[in-house]
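To start, the structure itself, in structure tokens.
The values are calculated or read from the model by the stated rules, or taken from the named source; none is laboratory data. Keep in mind it's a predicted model, so treat the numbers as computed, not measured. Cβ: placed from backbone, ideal geometry, glycine included. Neighbour counts: every protein chain shown.
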Amino acid sequence: MSELRPETRAVHVPQPPIEGSRPISVPIYQTSGFTFDDPAVMAESMGRPDGAYVYGRYSNPTVRSLELAVAGLEGGAHGIATGSGMGAINVVLFGLLKPGDHLVAQRSLYGGTAAMINELVARFGITVTYVPENDPAALRAAVRPETRLVYLETISNPMTLVADLPAMCEVARDLGILSVVDNTFATPLLCRPIEHGADIVVHSTTKYLSGHTDVVGGVVVLSGRELYDELWHFAIELGASPDPFASWLTLRGMQTLALRMRRHCDNAHHLATRLAEHPAVTAVHWPGLATHPSHELAGKLLPGGFGGVFSFDLAGGRAAGEKFMSSVRVALLAPSLGGVETLVLHPASTSHRSLAPEELRRSGIGEGTVRVAAGIEHPDDLWADLSQALA
């Protein structure tokens, strides 16, 4: 390098090799591509997910660390990180469904997922049948020869219904249909759907996995190599790849996931039980309550806790919900969930705003429904805030 001019040397920065030790933290490989000495190796690597690193849209060492970490937590074989949770969902839906296919989905779904399914129906001639999340007989009856996927959520957004994963995935596998489970609300700390028969798991890493409200990302976890190869090729062409720095932030957040989830669940329990006794509240939707329709099933599927998200219905309807959300002081009125802060929102006008009134009713979402994502603050401070807002 010494014979090169300063302008050239400024571009070609030397990279000293690390020998005899290794970094404790995963390095951030903030590069768009990688250079080769052998053109044949470069050409060969561009066609396989386990080849040498070539280009940021294909693979990156920091991103690969995230994929391996989440796949390991979920008990999966491989992972594909994406730039958002919807990116992960769309890699699966668009990567596996084609015009004329049939999809079976549970009735209570995240609004973004429901909206995308509606787009698939309208744009590509894909048909969909909705069934209860805990009714394997209804699933079996809904399946057709052209059925390709069954789509479930471990804990539904926002009504916190728990899917009967063992029974539903068993039906899907028995009929030769792939099962997809959104495990964002539960995280691998509370439930690992692949252990219950799921073929594919998706996460919005924006939420609990990163955990600090500073990342947007997603990940797909595959139970086998064949599915991984198929979806990896589609994902790189779709351009859903994440940024290395966002992947690194997610890895850093995941190191405290177990500690945070314990506090999220404890705070949700503290708030949900008190809200259930409040005269302004007509119903509380959290699977940790004995009155919740999924309580018994949740006790079996979620041995580590019932989750940090719940919703409740206010007697005064939409006006009461808007008044409540404008009155909180510790909790924040904001989208998303899973960070250290407690967040509240009105699903009918925000996360599920794209649903028609009949779709909202089918999902159990009312005009007075408020979703709470419990953070890690002191529970007594949170209850004092919620109770003054209710007053």
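Brief remarks follow.
- Of all residues in the stretch 152-195, those that are in a strand (DSSP E or B) and either farther than 22 Å from Gly87 by Cβ or of a type in the set (Gly, Ala, Ser) (or both) total 2.
- Lone qualifier among Ala167, Ala186, Ala137, Ala163 - being over 17 Å from Leu337 (Cβ atoms), assigned by TED's automatic domain parsing to the domain that holds Thr206 and within 21 Å of the chain's Cα centre (by Cα): Ala163
- Beta carbons closer than 6 Å, at least 6 apart along the sequence or on distinct chains, pair a first residue in the stretch 253-267 that is among the small types (Gly, Ala, Ser) with a second that is modelled with pLDDT of 95 or more and in a loop (DSSP other than H, G, I, E, B) for Gly253/Ser210; Gly253/Gly211; Gly253/His212.
- Any chance Gly211 is closer than 22 Å to Leu337 by Cα and in contact with a His (Cβ under 6 Å, 6 or more places away or on another chain): no
- Among residues of the stretch 15-57 being assigned to a loop (DSSP other than H, G, I, E, B) and among the aromatic types (Phe, Trp, Tyr), the one that is farthest from Leu251 (Cα to Cα) is Phe36.
- Candidate set from the stretch 232-274 (those that are under 18 Å from the mean Cα position of the chain (by Cα) and not in a helix (DSSP H, G or I)); member that is nearest to Leu343 (Cα to Cα): Thr256
- Answer from Ala88, Ala77, Ala105, Ala81 - the residue that is surrounded by fewer than 19 Cβ atoms within 10 Å (Cβ to Cβ), modelled with pLDDT of 95 or more, of a type in the set (A, V, I, L, M) and within 23 Å of Glu195 (Cα to Cα): Ala77
- Any hit, the stretch 89-110, residues being part of a strand (DSSP E or B), under 23 Å from Tyr208 (Cα atoms) and touching a strand residue (DSSP E or B) at 6+ places or on another chain (Cβ under 6 Å): yes
- Any hit, the stretch 58-79, residues being under 30 Å from Thr127 (Cβ atoms), in a helix (DSSP H, G or I), hydrophobic (A, V, I, L, M, F, W, C) and in the same structural domain as Pro193 (by TED's automatic domain parsing): no
- Qualifying residue in the stretch 120-128 (condition: surrounded by fewer than 17 Cβ atoms within 10 Å (Cβ to Cβ), touching a helix residue (DSSP H, G or I) at 6+ places or on another chain (Cβ under 8 Å) and more than 30 Å from Ala246 (Cα to Cα)): yes
- Selection over the stretch 306-326 of residues that are more than 29 Å from the chain's Cα centre (by Cα) and farther than 15 Å from Gly366 by Cβ gives a count of 1.
- When the stretch 196-218 is limited to residues that are small (Gly, Ala, Ser) and assigned to a loop (DSSP other than H, G, I, E, B), the one that is farthest from the chain's Cα centre (by Cα) turns out to be Gly197.
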